[in-house]
Each structure stands twice: as structure tokens, then as C-alpha cells.
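Below is one structure; the comments refer to it alone.
The values are calculated or read from the model by the stated rules, or taken from the named source; none is laboratory data. All values derive from a computational prediction rather than experimental measurement. With ideal geometry, Cβ positions are generated from the backbone for all residues, glycine too; neighbour counts draw on all protein chains shown. These area figures cover heavy atoms from the full protein model, side chains too; ligands, DNA and RNA do not enter into them. Shrake-Rupley method; radii C 1.70, N 1.55, O 1.52, S 1.80 Å.
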Amino acid sequence: MAGLSWSPLARPPAALAWGAALVWAGALLALGAQLDGYSQWQHPIGLPGASGLPGAWLFNAMVFVLPGLSMALLANGLRNRLPGDAGAWARQGCNLALLSALAFTAQGLAPLDLDELDAGASRWHAVLWTCWWIAFAAALLALSVARLSVARQGLRRAGLAIAAVLLLAVLGADLIGVAPAQRVATLAWFAWMAWLTRILVRLPRT
């Protein structure tokens, strides 16, 4: 990923993360409501996008692909904006943030299978979900210890706060339920990317 430079964003806006979050939440609520019996508190995010369901392609595009690509664009823009002396941790952190966004996007291209929710094609969706949150967690860690003196305190505060939310969502899924945990973790991702952008765009470029 070291050679990626396709992002056209010279100064990535934090609003891009909030916009992606609004598209994600709005589509999840509006399109999810079209599926009879679908509950935001009981069912996985990707269920209305399962293969064969009416409107599945639109759900996957609006809930996974469009927000995911927006976040990938943002992550790559941030990496390209890092100062020359940012160090390996900062660059790898942005690489991992990009990887996380691509894994999120890919969930829309590997929908669940209603006939085999725990096997078959559904496993690919589950694998991509796992890749998404692991890359997200690793990016949190890398950027929290990055050698960015001006931004270090803000990055650590944000990293610790979001890491606590992610830990609660992923490891505490048995307590709060898998469905709420997925939604909390995803919202934490959007919030962290917005905060990360706000901090990194202020760094002087050397």
C-alpha cells in the first residue's frame, strides 16, 4: 500500500466521515424497514442485503459499498497528507484504516445467504466483518503510538475512547446482543475516522 496515491483529496474533510455515517444510518433504517420482521436490535446489519431478497443490491450499495468507499478515499487521503517525518507507525496506521474501509466495502459484494447464514457464502461476509474490525483495532493502536508529537495527545485520547467502545461492542456482544454490538462498533468507526481527520489535517506538511 505504500505506493497508493489515487486520492484526489488534498485536504480530506472530516465531514466526509460524518456524511458516510449519515448515508449508512439512513439507508440501514429506511431500507431495513422494507424487510418484514427485520429488527435493528435482533438481526445482523447485512440481513436485508442477503442474496435473493428484493432490493438487496440497493441495500448493499448504500449500507456497505458507498460508505466504505468514502472512508477508503478519506483514509488514503490522510496517508498522503502525512508529513515526511511521520514515521512508520503513522503510515501503517493509515494503511490499516484503508484496509478496514476496503473490508467494510467488500461486505456489500459478499452478501449473506438466507439459506446458510452460518455457512457457505455467508462465511465470506463474516470473514470480511472480522477483517474490518481487526484492521480498525490495529489502526487505532498504531496511530495511538505514532510519532506525531503535535497530534499525539489527541490521537491517544480518541484512540482510548474508541478502543473502549469497540472492545465493549465486540467482546461484550453476548451481553448487549450481536445486533446492537455491530451498530455501536460501526458508529465508533465513523466517529474515529472523523476525529482522526480533524487532527491529521492540521499537521504541518514537511
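At a glance:
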| read-out | value |
| --- | --- |
| Given (1) closer than 25 Å to ALA15 by Cα; (2) open to solvent by 50 Å² or more (accessible area, probe 1.4 Å), number of the condition LEU117 does not satisfy | (1) |
| Answer from ALA110, ALA88 - the residue that is open to solvent by 40 Å² or more (accessible area, probe 1.4 Å) and free of Cβ contacts under 8 Å to residues at least 24 places away in the same chain | ALA88 |
| Residue in region 58-68 that is more than 20 Å from TRP133 (Cα to Cα) and surrounded by fewer than 17 Cβ atoms within 10 Å (Cβ to Cβ) present | yes |
| Flag for ALA30 being in a loop (DSSP other than H, G, I, E, B), among the aliphatic types (A, V, I, L, M) and out of contact with any Gly (no Cβ under 7 Å at 6 or more places or on another chain) | no |
| Filter pass, LEU166 being open to solvent by less than 20 Å² (accessible area, probe 1.4 Å), within 26 Å of GLN40 (Cβ to Cβ), modelled with pLDDT under 85 and within 18 Å of the chain's Cα centre (by Cα) | yes |
| Yes/no for SER100 being among the hydroxyl-bearing types (Ser, Thr, Tyr) and open to solvent by less than 10 Å² (accessible area, probe 1.4 Å) | yes |
